[in-house]
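To keep things clear, I will list the structure first and then write my remarks on it.
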Amino acid sequence: MNIAVFDTHEFERKPLMEACEHANGKHQLSFFEANLNEKTIELAQGSDALAIFVNDTASLPVLERWAAIGGRYIALRAAGYNNVDLQAAKRLGIRVANVPSYSPHAVAEHTIALMLALNRKLIRANTRVRDFNFSLNGLVGFDMSGKTAGIIGTGKIGQITAKILDGFGCKVLCYDAYPNAAFAERYGAQYVDMETLCRQSDIITLHAPLVPETKYLINEERIMQMKRGVMLINTSRGGLVNTKAVINGLKSGQIGYLGLDVYELEQGLFFHDFSDTVLQDDMITRLLSFPNVLITSHQAFLTETALKNIADTTFYNLDCWAAGKETENELTSKFNS
Ligand code: NAD
């Protein structure tokens, strides 16, 4: 297959090329740094498959054009697929597969890293020490042990996060549209409704997918239900959080700490270097002005293990299609609506 790889990053070229080599010359790769959109789809002329990432857009017009130029396959180099119009893909006969699990540990561990760095003010402490300022004023944190952590979405990543927090001695509360009793029993976690989770948690961490029902799950009303000074962490998808409401929560002190690895307007921003320009996004610049906000640029997945697994599963999906088979990671065949 000829594969057009969109939104290619330097960090993933090696694992992708290695996985491609294991396929023994079955595939040829064309790497594009551009994000997939209505204009850049033209770069894929002559390709059989697209390999796309989290900030590529496979919307109806893009899919229509992809079908029109003979494209049949889209391999997502990610688990989340909110950027693909699956309904349109199915109608157009385009088969879409994802990498459902590449390292839930990577994301859960980054989630915990954000919590600890915010709590113990590690960024500020490091900056201070580098300036030979060894004062501890303003660096007081809290013991994680004994605190209540609320986990929204207890799938693969949420469960590992719960396990780590249980290890810290936190009381774990959970909310999920489909509760998992066996998991709750194993970690002494308790499923509660969203309002109870918001009212009782010292730390709230989001691990639900972005679907229409979860868009702006964290809004002004929910923030008002949270404990004053709550720590809010989002390593799932930016659209789960109404950023304007969160900014107001930070300004009023209702939110005491915010850790984000994802941001609702991250497309075209995250993964790129704007250090020489004047940033036009006033929301992210406002967020970055708070001392109690820590933002990473969608890097929770970024471990060697995860990159290898992403590349291997992407080529497994492509190999299945090249052999005329279905892959169990196919989203279009599971999609009914
Ligand atoms: P998963 O499918 O294993 O778990 C998702 C959980 O959310 C499931 O238990 C599901 O029942 C629950 N859920 C679905 N709808 C819900 C709703 N309306 N309210 C509450 N819960 C709901 O997924 P996962 O592998 O744990 O990944 C979770 C999310 O993490 C992904 O959707 C993706 O957006 C994000 N993610 C981020 C990164 C990153 O680098 N930051 C990497 C991988 C995944």
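The values are calculated or read from the model by the stated rules, or taken from the named source; none is laboratory data. All values derive from a computational prediction rather than experimental measurement. So basically every Cβ, Gly included, is an ideal-geometry build from the backbone, and we count neighbours across all protein chains shown. All accessible areas refer to the heavy atoms of the entire protein, side chains included, with ligands and DNA or RNA removed. Shrake-Rupley method; radii C 1.70, N 1.55, O 1.52, S 1.80 Å.
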Q.
Whether any residue in the range 265-283 is closer than 24 Å to residue 82 by Cβ, touching a residue at least 12 places away in the same chain (Cβ under 8 Å) and not in a loop (DSSP other than H, G, I, E, B) is what I want to check.
A. yes
**Q.** Residues located in the range 308-337, provided they are among the aliphatic types (A, V, I, L, M) and without any contact (Cβ under 8 Å) to a residue 24 or more places away in the chain
**A.** 323
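Condition first: near the ligand (Cβ under 8 Å from one of its atoms) and either in contact (Cβ under 8 Å) with a residue 60 or more places away in the chain or not hydroxyl-bearing (Ser, Thr, Tyr) (or both). Now tell me which residues in the range 169-178 satisfy that. Break it down into steps so the answer makes sense when it comes.
Here is the first cut: in the range 169-178, the residues near the ligand (Cβ under 8 Å from one of its atoms) are 175-178.
Scanning the range 169-178 gives 176, 177.
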Q.
I'd like the residue in the range 144-168 that is over 19 Å from residue 195 (Cα atoms), in a helix (DSSP H, G or I) and within 6 Å of the ligand (Cβ to nearest atom) and, out of all such residues, is least open to solvent (accessible area, probe 1.4 Å).
A. 157
Q.
If I ask for residues that are open to solvent by less than 10 Å² (accessible area, probe 1.4 Å) and either within 15 Å of the ligand (Cβ to nearest atom) or more than 22 Å from the chain's Cα centre (by Cα) (or both), which ones from the range 72-83 would you list?
A. 76, 77, 78
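Kindly indicate which of 195, 213, 185 is assigned to a helix (DSSP H, G or I) and either within 13 Å of the ligand (Cβ to nearest atom) or not charged (D, E, K, R) (or both). Can you show your working first?
Values: 195 fails: either within 13 Å of the ligand (Cβ to nearest atom) or not charged (D, E, K, R) (or both); 185 fails: either within 13 Å of the ligand (Cβ to nearest atom) or not charged (D, E, K, R) (or both).
Being assigned to a helix (DSSP H, G or I) and either within 13 Å of the ligand (Cβ to nearest atom) or not charged (D, E, K, R) (or both) holds for just one of 195, 213, 185, which is 213.
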Q: Given the conditions (1) surrounded by fewer than 19 Cβ atoms within 10 Å (Cβ to Cβ); (2) closer than 22 Å to residue 119 by Cα, report the number of the one that residue 273 does not fulfil.
A: (2)
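Could we say that residue 244 is without any contact (Cβ under 8 Å) to a residue 60 or more places away in the chain, charged (D, E, K, R) and closer than 16 Å to residue 177 by Cβ here? Quick ask: steps written out before the conclusion?
Working: without any contact (Cβ under 8 Å) to a residue 60 or more places away in the chain: yes; charged (D, E, K, R): yes; closer than 16 Å to residue 177 by Cβ: no.
No; evaluated as a whole, the condition is false for this residue.
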